[in-house]
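Here's the structure we're looking at; comments come further down.
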Amino acid sequence: MTGILSQVQAQCAGENATVEVCEKDADVANRNFDLFSRLGGTPTSGGTWATNNPENFYALNQNTGIVDLWRINNYGTHSFVYTNADCNQSATLTIVLGGYPGEDNIDGSANACGDDSSVNLHGFLGSNVDGKVQDFNGLWEEDPATFTGQLNENLFNAREAGPGIYNFTYTVPDVNGCSGRTSTVILEVHPPPNAGTAPVLTFCAGDDLSAYTAFDLSEHLIGEDPNGTWTENGTNQLSDLNDTIINIEEIYNNFGYGDFTFNYTVFPSHPVCEKRVSEVSIRILPILDGTIAADDICVGESYVVELTYDNTLLHNGDFILQYVVNNDVGESPTTLIDGNGSFVIDQGLVPLNEEVSLEVIGIRSVTPPRDVCPRVIVPPTTFLVTSSDITAENICIRTDNTIQIIEILDADGNFATGNFSTTYALTTPDGSTTSSPTFELEFTNGNASFIVPESNFTLNGEYTIRPTISGIYATSCPLVDTFTVTPLPDAIQLDLIVDNSCDATQIDVLVDAPTLPNGTYTITYDVTELGSNTVLTTNTINFTGGTAAYQIDVDALPTGNYTASVRSIQNDTTPCRLDFEFEETENFSRGGVPDAPQAIANQIFCTSEYPDGATLIDIEVTADGDVLFYDTETDNNILPISTALVDGEDYYVTNSDPLTNCEGTDRVQITVSFSNPDAPTASTVNPLFCAETNATLSNISIDITAGSSIAWFDAATGGSELAASTILVDNQSYFAATNSNGCNSSDRLEIIPTVITVTPTSLTSDMLQVCGLDNPTVTDLRSLENEADYEVRWFITENGGSPLQDDDLLLENTTYYAENYDPLTGCSAATRVPVTIDFSDCDPENYDFFIPDGFSPNADGKNDTFFIPNIETIFPNFTLEILNRYGSTLFKGDISNPAWDGSNGSSTAPNGVYFYIINYNKGNAAPIQGRLYLNR
């Protein structure tokens, strides 16, 4: 019973089925096509339907299984799935639909306009039955009789094809047993109307328009159809729709400047096209017609230019004016109202002191924003910006004053050069004015200067000077300047008197400060300890004018050196004071006699260190203050520090404090002596060395006396001292001096060594190719030698070691080194040249090279491995591969593992035939393969 129920449940969705419908459009019942009734098996109702094709989604009722085949607009195969949730089973019904191409459209109802670049041909198919629509996946084709090449799938470019009648077919192909079908569309493309084009006709206000009193609008059009009509708005120039003649001069006289439009309209020959309208625009632009006035001005003033214009030709408003100054273009905003305005020239565009041309070259409207005629009628003008000036210095009373006059122009407007009659008026602080006699003032490139004598400045205060120069350009720059004359202040005199500089007890301070009109005086005096700068005594005294005397008591100060100073800082405001800070300073001492100096009694001087002779300055003395030398212990004549020393002479030295000039009471005796050892000697001054030994100065043999040493130099006299480790250079001079008790001999011994350098060997190759089976020796290496001047020695070390003998056998994996050797000097090259050996230069045929055809790995010590004699020497890069009869690799060998022991990994290969592959990897030697027999 259970098995029967399961079978029933399994059949509740029915079975898959396929239905073919060839002409779905022939039966209106196909709009309600029942999918459920066409399932196979015995489906039970209550399930739902689905499709995975989004194009069919709205054609299907998912609950009833009714599908509208007329809404499936693609021929071909369409699947619908029925699912019954009671048994969780599904079945698929497949419908194979034949194509429907729609109905023919050949009765003249298919029309398009010739300006349409994308005509959808599908819009001309279908039928008069609601919902009966052609399939969309058919093929559109042009009839060869009217072929244009402008069809792209279902879109036709009527614009490119042009007016005409065109035939098209729409085909749906065969689908299984359903035959293909075709429909036809006859499309008429109608010419679109053409209203033509016309460039804008532009005039400027005030132009002569007499040539345009009978202007034919139609002649201004380009490419228009002839059957159009004309209209306009507001000028009353056209009497009817056919009138084309207008009077542009009359339009301007009646309406002034403005934009005037006339329209030409052409209607289509078929309503599928739209009417077309073109515009003929007459533009009369406002113009600037006026004059400008620019006056000569002085630099620094605003460069304002006045503008007057005809306000009937240009409207009021804000504008940007474009102008040219001496070929430089500038712009300036301006507001024009009722024929008047002004604008400002950019000062950076105007050169100074030369006449420049100003011209207005353009104007554009800002408020209200509208076009303005680019042509302006404003005559240019000229003007001059001058920078003439005069400067006078502020001076002190009874001082000459230099007056500078700059950038003066002559009568022609050029920088003045030459003599010009000049006078000046000088107004003094008391208000009186005097005029100078006329004098000739010489100008160079517009500049000159003259001096007003100091006799004119006996009063302090403000003066004014006004020069007058004849024969110069009249400018707006005034030649006048004011300056100030300041009186000289009286000086302040200070003095300090110390009763004893070396052991002072009292210091007198003297002040002479004459009364000044604006001065009160502050006098400060103090005593400062030298070294620490600690102020020990200080006092400030204020007084007005006169003289003063004060005493500073220093008797109580401890022993030491001090500075007494008295100062005054004058803060009056006169600019003619040269000194504002007055100070007097004196150094003194309390118990200030310095201690005696320290010096070695007997001092030795090396003659070689003083080629110009030693002087007193070379004596080593330790002392505070300045060192003083005398001939005797009691002599009062100080010796000059440049006094030359005399061998064996006695000198006496003392010292003084530089701050107080207090000299010590004790003198120290010093005896000087000179030392000059004998120069060294040598058995040879031209010693011989080999370069590879890197010989140094220490390797040169020099004869010196016991207790002495050698000092080396790079020059016979003077020069630099050289270290004993200095490496010798061939044929270079070195100078040896004897050093005894710290003194070098004045005479030096010149040594010129010869350093033999042997060049490295030159070989014909850095590799020797031999056959290792021939037991090659060092003699084979000599085939690489290429030397005529030296003997070549061979080594197995890059440095050191013993040379090899000719019969020494060459070793594999060993680098050999060649060294040049000079048997006459015993010198060798500093470096050795390496050579590598290739032992594989063997011809197999000369060495009975063969490959064994078998082996017996039975551990009897005979033929236990498969090994190819001498292969690692003749073919060092060989590879060997052993395979069984199934092609599996059992062994891979090379020079590091050349022999097969008959194993296969951890197991033993059985007796039988095996195969080998040998790659020689040398020259043109081809790989070889063969067979071998393993017999245990």
Original post:
So for Thr51, Thr836, fewest C-beta neighbours within 10 Å to most, what's the order?
Top reply: Thr836, Thr51
Subject >> Karplus-derived 3J(HN,Hα), 6.51/-1.76/1.60, for each residue of the range 365-378, Hz, glycine and proline x >> reply: 7, 10, 9, x, x, 7, 6, 10, 4, x, 7, 10, 10, 9
**OP:** State the percent of C-alpha pairs, over all pairs in the range 767-838, separated by a distance greater than 16 angstrom.
**Re:** 46 percent
**OP:** Output the peptides 866-873, 672-679, 722-729 sorted from most to least packed, where packing is the average of other Cβ atoms within 10 Å over each peptide's residues.
**Re:** 866-873, 672-679, 722-729
Original post:
What lysines could a cross-link reach from Lys24, if we take a straight Cα to Cα line under 26 Å and drop same-chain neighbours fewer than 8 places away?
Top reply: Lys132
Subject >> Cα centroid separation, the range 778-812 to the range 489-513 (Å) >> reply: 99 Å
Subject >> Check: the range 286-386 dipole with +1 on Lys, Arg Cβ and -1 on Asp, Glu Cβ, in debye >> reply: 380 debye
Subject >> For peptides 212-221, 145-154, sequence by mean Cβ density within 10 Å, most packed first >> reply: 212-221, 145-154
Original post:
For the chain, with only Lys/Arg (+1) and Asp/Glu (-1) charged at the beta-carbon, what is the dipole magnitude about the Cα centre, in debye rounded to 20?
Top reply: 5120 debye
Subject >> Separation of the Asn686 and Ser118 label points, Cα + 7 Å toward Cβ, nm >> reply: 10.6 nm
Subject >> Under Karplus coefficients 6.51, -1.76 and 1.60, residue-wise ³J(HN,Hα) of the range 493-510 in Hz, glycine/proline x >> reply: 10, 10, 8, 10, 10, 9, 6, 7, 5, 8, 8, 6, 10, 8, 10, 8, 10, 10
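Taken together, the values in this text are just the output of simple stated rules run on the coordinates, not laboratory data. Because the structure is predicted, anything quoted here is derived from the model rather than measured. We place every Cβ from the backbone using ideal geometry, glycine too, and count neighbours over all the protein chains shown.
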